[in-house]
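What follows is calculated from the coordinates using simple rules that are stated; it is not laboratory data. These numbers come from a predicted model, not from an experiment. Because the Cβ atoms are built from the backbone with ideal geometry, glycine has one as well, and the counts that use them run over all protein chains shown.
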Amino acid sequence: MRGATSLLAPEFADWMLGSMSSGVIAIDTDERVVRVNDGARRVLRLTGSVSEISGRPCAEVLSEQPAAARVLVAALSGQRPLSRAELVLDAPMGQPAQTIGFTLTTVRDDRGGMRGVAMIFRDLTPFERSDEQARLQDRLAALGQMAAGLAHEIRNPLAGMEVVAGLLKRRLADLPDECALVDQITAELRSVADTVSDALGYVRPVVSARAPVDLSALVAEAIEVARTRVEFAGKVVREERGRVDPISADPEQLRAVVTNLVVNAFEAMEGDANACLDVTVEESESTRANIHGVETALRYVVLTLGDNGPGIPDDIREKVFYPFFTTKQTGSGVGLASAQKVVASHGGTIELDSRSGKGAVFRVRLPAEDPHTEQGEQA
Ligand code: ADP
């Protein structure tokens, strides 16, 4: 009768809660936390063990997540509990925002009296990220077809014009002023050709060759390349925090991403005597995601580049990742858009944390190991 014994065990409810991957937090009518499980502690970033949290006021336990506290307390007031709603959690400075999908249940005693409210929730962030990536890939596919057709139509006449300009220059060999004008035409034609190539480069599907990549070594190389492109007299402080294993990635593509981020930072700080770029590489804590129905721990390697340049004003923060958005006179505006595309194709994300006047922080998160790779199988 082992089964019957375990069913009667008073701890059974706690075991059950502890084994659930969903987060559960319940409060009583005095707004005190009665039950919380590990899933809730992890997603809501609660400090203290389950037993330390239990019994404390909800507002205190959820002081870092006031929106979640408000939702719970509002449900106590007898309003119809929400089923299947979403909430964006407050993230600590520099951490990506998290979204949870939750259901609220009124807890009633045997006589139907209300005794509290329970919130059951899941972290939706991994799903949102992959949705975002899928949307980006769709947009790029449509854009790619159009751009490839357009590029063909533009490049051929451009090449023809360049040949004609060359012929013209030869005929005007004795007239230096006219020759200079023809040179201007040729330079402009090349600039249009470059723009078309950039556009095509951006929309072309990313084909990645995977190899083990030591991100810290790659960062050092990218900084060297960036120095050949921008004259930068400031400081670069590099740090690898803890042990970071090689990741499976396309080294060429990743080097281009990091070089572009470093070049942007150098350009933003050009001429500043106190310029400093902080670059760190570290592994982030595991987050849990439900991949194809399997609860999987995801580890990320995080590359952070923080400069102390002018930063990026709020009104253009979203736009910097749009293709062809640039605030530079000679910029192409494809650097960050391409970086986002490459990082997304590696299953990662790139985020910007910046306020006008306070420098820019770009954070690239790349999976530490391919979640689709079976253990023991080569990536
Ligand atoms: P480009 O460098 O050709 O302009 P990007 O896509 O690399 O294209 O960057 C887009 C825009 O983002 C830049 O024109 C600039 O306004 C802004 N930007 C990027 N990185 C930084 C940075 N570190 N500091 C300030 N602004 C930046």
Study note, to complete from the structure: So, with points 7 Å from each Cα along the Cβ direction, the Phe325-Glu11 label distance in nm works out to 5.4
Practice item. Using the number of other C-beta atoms within 10 angstrom as an exposure proxy, rank His346, His152 with the fewest first. Key: His152, His346
Review point. Among 310-321, 102-113, 56-67, how do they line up from the highest to the lowest mean number of other beta-carbon atoms within 10 Å?
Key: 56-67, 310-321, 102-113
Study note, to complete from the structure: A convex hull over the alpha carbons of the range 175-234 yields, per residue, a volume in Å³ of 152
